[in-house]
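Where a number appears in this text, it was derived from the coordinates with a stated rule and is not lab data. These numbers come from a predicted model, not from an experiment. In this analysis, Cβ positions are derived from the backbone assuming ideal geometry, glycine residues included, and neighbour counts consider all displayed protein chains.
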Amino acid sequence: MSILQAIRIFLFYLLLGTSALLWCSLSFFIAPFLSFRARYRFINVYWCRFALVLVRVFLNIKVKVTGAENIPKQPCVILSNHQSTWETFFLSAYFQPLSQVLKRELLYVPFFGWAMAMLRPIAIDRDNPKAALKQVAAKGDRLLKDGVWVLIFPEGTRVPFGKVGKFSRGGTALAVNAELPVLPIAHNAGKYWPKEGWGKRAGTIEVVIGAPMYAEGTGPRAIAELNDRAAAWNEQTQRALGSLPAQTPSESQPAA
């Protein structure tokens, strides 16, 4: 990494952190008096857009979106692979209002956590997976009924670029029980914003929005089938983006 690039990254994080502190502090005093949708725009959309401007100006990371025409009019469950912090900024600004699953402890962080608490997140205790799954199902269903997009990272955590994690069924279960589709999204953000370290690479992040996927029936079997279909689409799309090695002919053939 060159000295110039290191300076640009330092300035990026300095402005990102300072703006987050100031914006969350301001939001704490203003947002409670706004309606939920106005509050979401004030707290999340405006700041996330500012963060993306910083990403473009200081890190020279741009974005190309394909498949925007696939977005349904009615909010549903978004299933996206997770490689970096970037997609959290981007998706929070692109879909509004949006709720996502986060660690309950984050809500206790002064100002930042207090501001996040006003955005109706699905705050879970990761040390209690069974209770967390029930909470995602119950609160996610209420949010969907209120016209709020629900973002699920089915891999559960950030996965390094070049790899794909196992998709959990929580997102598809939520969609099937709400009788709504899932909206699959794949991207290669980790190529330019790696999971580990502070280093960043200039380039254009590609985001692909697939056609909504509907369950074929109801119950556990339909949930599993939809989840497998979404996972296969994400893996195939990541291969097309160059995020994963090309599939060999033997790998593409089903086992006998």
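Values computed for the structure shown
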item	result
Burial order of peptide ranges 40-51, 108-119, 123-134 (average beta-carbon count within 10 Å, highest first)	40-51, 108-119, 123-134
Total formal charge among the other residues, if their Cβ is under 15 angstrom from that of Ala38, Lys/Arg +1 and Asp/Glu -1	+3
Excluding exposed DSSP-loop GluC sites (Glu not before Pro) (at most 11 other C-beta within 10 Å), longest clean stretch of the chain	1-178
Estimated vicinal HN-Hα couplings, Hz - the stretch 175-186 in sequence order (Karplus 6.51, -1.76, 1.60; Gly, Pro = x)	5, 5, 5, 8, 6, 10, x, 9, 10, x, 9, 10
Test item: Cα-centred dipole of the stretch 109-215, Lys/Arg +1 and Asp/Glu -1 on Cβ, debye	240
Overall form of the chain per C-alpha gyration tensor (a/c, 1.5; a/b vs b/c)	oblate
Spatial separation of Cα centroids for the stretch 196-233 and the stretch 97-128, in angstrom	23
Cβ-based charge dipole, the chain, positive-most Cα from Ala123, Val45, Gly190	Val45
³J(HN,Hα), Karplus 6.51/-1.76/1.60, whole Hz, each residue of the stretch 138-154, x for Gly, Pro	6, 6, x, 5, 5, 5, 4, 5, 8, x, 10, 5, 10, 8, 10, 9, x
Net charge dipole size for the stretch 61-245 [Lys, Arg +1 and Asp, Glu -1 on Cβ; Debye, nearest 20]	360
Bridge type composition, the chain - antiparallel percent by DSSP, nearest 5	15
Amide H contacts of Ile122 (H built 1.01 Å from N, under 5 Å, at least 5 apart or other chain)	Gln100, Val101, Leu102
